Amino acid sequence: MDAGARPSVATTCPYCGVGCGVLARPEADGVAVSGDPNHPANLGRLCAKGMALGETVGLEGRLLHPAVAGRRASWEAAIAAVADAFSHAIAAHGPDAVALYGSGQLLTEDYYVANKFMKGFVGSANIDTNSRLCMASSVAGHKRAFGADTVPGTYEDLEAADLLVLVGSNLAWCHPVLFQRVMAAKALRPAMRIVVIDPRKTATTAAADLHLALAPDTDVPLFAGLLNHVHPTPFLAHTEGSAEALEAAARWTIPAVAAATSLSEGAIAAFYEAFAETEKTVTVYSQGVNQSACGTDKVNAILNVHLSTGRIGRPGMGPFSATGQPNAMGGREVGGLANMLACHMELGNAAHRAIVQRHWAAPRMASAPGLKAVDLFEAVHDGRIKALWVMATNPSASLPDAARVDEALKRVPFLAVSDVVASTDTLRHADVALPAAAWGEKDGTVTNSERRVSRQRAFLPLPGEARPDWAIISDVATAMGFDGFNYTGPHEIFDEHAALSAADNNGTRDFDIGGLVGLGRAGYDRLAPQQWPIRAGAPPKTRFFADGRFYTPSGRAQMVATHFQPPQKRAPRYPFVLNTGRVRDQWHTMTRTGRAPTLSAHIAEPFVEIHPDDAAAIGVGAADLAVVENPRGRIIVRVLVTARQRRGNLFVPIHWTDETSACARVDALVDPVTDPHSGQPALKSARVAVRPFRPALYGFAVSTTAFARPPFAYFAEAPVPAGVAMEFAALDADANAALKTLFGDRRLDGVTDQVAGTHRFAAMAHGRVTGAVFLAPAPVAVSRAHVIAALGTDAPLSAVLAGRPPAGVADPGPTVCTCFGVGANPIRAAIADGATTVEAVGACLSAGTNCGSCRAEIAQLIAAAPSAKGAREGVLS
Ligand code: SF4
């Protein structure tokens, strides 16, 4: 078959909540991917992760067949094993003895069926999701203020704003295409101002007119002080609770805010003035707000200000929650959290339960909220949950107190795991492994941060025995004797979901996509991206609440008296506050992005960002290794010394697991502390200590074939174009043992410098480089780019062992621009030659001219150049 002749399929990116449209075309040697120029979220743009999607669709490492008790099994046997385990647990211990833990990676149709199964047929609301870790505080804040989980505005509002306030959001790295839209708008309207509120300097703060590096978890005083400062508008008549909210905020004078946040009074006043004088203001907030023990109050402190000033629901103004996951919003729509019911209805509302029960013909409706993620896994640990089904997520790595969660998964009497990959930290405990369809193979819808429903379309055949999640759940439900799960395709599920959204609605509930009922298979396949609400017979509506009508019983918005919980005092033994988050080119636990050499070129190791003064006090320098620890656990990561970090604060990325590193699951250090309203864990404020890790031997190795998992105290593995690369360190100085561990009996040629204690060896086969390894008693100083480029080529042995390019050939250094593979060194050279703007660097090297994700880092390199004035910041290297 001439695969190259196939047309492109319009689908949606499976990563962040921006929800970019993607054109994917299977070709003879892979999948060609480009941005969909007709998708309103991205208008053709993609970030580096989206651009690299074609590198992630191979079948290596895929889970392709069901397994029961570790042995390949038929689908019939696997379905029966799950159905039996659930049925027996329910019969013996009641419906709350079983649970399902899902993911914002699931498509809306998968999510809908999972919720119907648990809440309508099993009769338990013990179904929660990793979205609990992501934006549950925004949901709780919206519901308190608006009476519904409604995102009032759109992406266009961010572009139309005269003042954009980004709170706890590294938009440049975590929502790159949305950030590029903002940057393009600012380039057209330079008067647009950007304020970034974040404890650390990031790629986003580099673009800010004002950066407020507040102390962690002090957003409530900052926004309560702002509420004091702004003048209410007549819109206040559409609210209630303003007197209580203002009374709670009264203590937050500017000096009091300064004392709480550690910001200067001048900086606070500048922010307050900018907000007060700018009607077209949008406040975007993300994980820095949500992932906190006071996340819901932070959300409401922000919403209070927008409600008081009436800056909501009109073009260029409003609060805006940027969701982390591709279908976090779809999960909310189907009631994918343990305290919600389908279609934004309430579990605690008898009328809502009756609507849903009728629609599903449900025999056993859950009537009370189930266990939220952190409590759910505690119930797994203490034995209350007898049978658990995990879908499309990796709680062993991503939940707080990850080691205890891992132990819980070992203990639970029955664990089923649906996943697309054959090996994860969670899957290793599964009694039943269920191969699920992956991106490119599955078919359904997702909803992005601006309420836009888009189709994900299959463009690849289902591999092996993989099946869509909705079909797997439906088969288990049917095997348990439940009716109502005989869907022939996702279009039927979507139709049922759309009809439920409109049932007895009549404008009383925000979520209504009744206008999409009756599409049929053909209409569903053609479905263009569109924002809800999509009410049958009603005119299109883009924004909510400008009319002052809310979904509370009174119809008025509720302003909330917010309370400041001073951050926990630092224990002398654990003096650092640990922030966790994402890096630009990786996604979650790297089960997909970790397969793409292009993406690993940006940052290939787990690291801890630490302020230079703290690094000096501890005795660690750049490229050293450090132990970050507390009584819950320890990790070993590379040290990145940078003044971007506040003193006393650390940052460690969330992506590395036991699959890709020796000991870098950062969530093992996080306390299972949650927000009292949302149940969202405080993932950004663990208390930890740091100390140097002093191995006897450091190493860097590459190979065209995979390395077996080594017993080294530290390692991090990453894909490279011709194979894999590994950074490692061992407590034992035995170089021969290290070589044997990595290369077994493969022949290695090279040199040892006995005086320096260094070793350089390479493996050659048929004139090609098949491996290389460099060992030293200190961090290995070789050009990674040079060695990686030599792998798989006919480069001479001497060139490989040199460990650096020959004279006259520049070492590119760490990759900055992933799209064009441009390293930091050529960018520095271009700057030295006079390219003093990001555009000029782009004109010289193309860097930053495609997806734009690296433009902030290029700007940082320009600022760091010896000729630059102002801040001196280095790029991550
Ligand atoms: Fe995907 Fe990047 Fe778009 Fe997010 S910004 S949806 S990761 S292409």
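Taken together, the values in this text are just the output of simple stated rules run on the coordinates, not laboratory data. Given the structure is predicted, the values throughout are model-derived calculations rather than measurements. Glycine gets a Cβ as well: all are built from the backbone with ideal geometry, and neighbour counts include every protein chain shown.
Computed from backbone phi, the HN-Hα couplings of segment 247-260 come to 5, 5, 8, 4, 6, 8, 6, 4, x, 5, 5, 4, 5, 6 Hz, rounded to whole numbers (Karplus: 6.51 cos²θ - 1.76 cosθ + 1.60, θ = phi - 60°; Gly and Pro given as x).
Using Cβ point charges alone (K and R +1, D and E -1), the dipole size of the chain about the Cα centre works out to roughly 620 debye. One Cα centroid belongs to segment 344-366, the other to segment 848-862; the line between them spans 50 Å. Residues whose amide H falls under 5 Å from that of LEU100, counting only those 5 or more places apart or on a different chain, are ILE127, ASP128, TRP389, with hydrogens built in the peptide plane. Projected onto the charge dipole of segment 507-591 (+1 at Lys/Arg Cβ, -1 at Asp/Glu Cβ, origin at the Cα centre), which of GLY515, ALA557, GLN586 gives the Cα projection farthest towards the positive end? Farthest towards the positive pole: GLN586. Scanning residues 5 or more positions from VAL334 or on other chains, those with amide H under 5 Å from its amide H are CYS343, with H placed 1.01 Å from N in the peptide plane. You can think of it this way: the chain between ALA92 and LYS541 has 156.7 nm of extra reach, that is 0.36 nm per residue less the Cα-Cα gap. Distance between the 7 Å Cα→Cβ label points at THR793 and SER8: 3.2 nm. With θ taken as phi - 60° and the Karplus curve 6.51 cos²θ - 1.76 cosθ + 1.60 applied, the whole-hertz 3J(HN,Hα) list for segment 844-852 is 6, 10, 6, 4, x, 9, 9, 7, x Hz, x standing for glycine and proline.
With just the Cα atoms defining each centre, how far is segment 624-694 from segment 71-132? Give it in Å. For segment 624-694 versus segment 71-132, the Cα centre distance is 32 Å. Taking amide hydrogens as placed 1.01 Å from N in the peptide plane, the amide H of SER418 sits under 5 Å from those of VAL390, MET391, ALA392, LEU434, each at least 5 positions away in sequence or on another chain. Remark on the chain: Rg and Dmax equal 26.7, 83 Å (Cα only).
Relative contact order, whole percent, for segment 453-587 stands at 18, derived from Cα pairs under 8 Å and 6 or more residues apart. Find the relative contact order for the chain and round it to a whole percent, using C-alpha pairs within less than 8 Å whose residues are 6+ positions apart. Averaging sequence separation for qualifying contacts and normalising by length gives 15 percent for the chain. Report the FRET efficiency, 1/(1 + (r/R0)^6), for LEU731 and ARG647, where r is their Cβ-Cβ distance and R0 is 41 Å, rounded to 0.05. With R0 = 41 Å, the Cβ-Cβ based efficiency is 0.85.
Placing R0 at 41 angstrom, the Cβ-Cβ distance between ARG746 and ALA69 gives a FRET efficiency of 0.70 after rounding to 0.05. Dipole of segment 373-500 computed with +1 at Lys/Arg Cβ and -1 at Asp/Glu Cβ about the Cα centre; of ALA373, SER396, HIS497, farthest Cα towards the positive end is SER396. Across segment 578-643, C-alpha contacts under 8 Å between residues 6 or more apart give a mean separation that, scaled by the residue count, equals a relative contact order of 29 percent. Separation of segment 502-574 from segment 200-217 is 29 Å, based on Cα centroids. Pairs with C-alpha atoms separated by more than 27 Å, drawn from the list LYS116/LYS143; LYS143/LYS541; LYS49/LYS116; LYS201/LYS442; LYS49/LYS684, are LYS49/LYS116; LYS201/LYS442. Each 5 Å bin from 0 upward holds the following percent of the Cα-Cα pairs of segment 58-195: 2, 8, 10, 13, 15, 13, 9, 9, 9, 6, 4, 3, 1, 0.
Listed by chain and number, the lysines placed with their C-alpha closer than 16 angstrom to that of LYS410 are LYS386; residues fewer than eight positions away on the same chain are left out. Scattering from the C-alpha atoms of segment 337-442 alone, worked out with Debye: what is log10 I(q)/I(0) at q = 0.12, 0.16, 0.19 1/Å? Log10 I(q)/I(0), no solvent term: -0.53, -0.84, -0.99.
Any idea which of ALA458, VAL405, LEU64 is furthest toward the positive side of the dipole for the chain, if Lys and Arg beta-carbons carry +1 and Asp and Glu beta-carbons -1? Final value for the positive-end residue is VAL405.
Across segment 356-373, rounded Karplus estimates of 3J(HN,Hα) from the backbone phi angles (6.51 cos²θ - 1.76 cosθ + 1.60, θ = phi - 60°) give 5, 4, 4, 4, 8, 6, 7, x, 8, 6, 5, 10, 9, x, x, 7, 7, 2 Hz, Gly and Pro being marked x.
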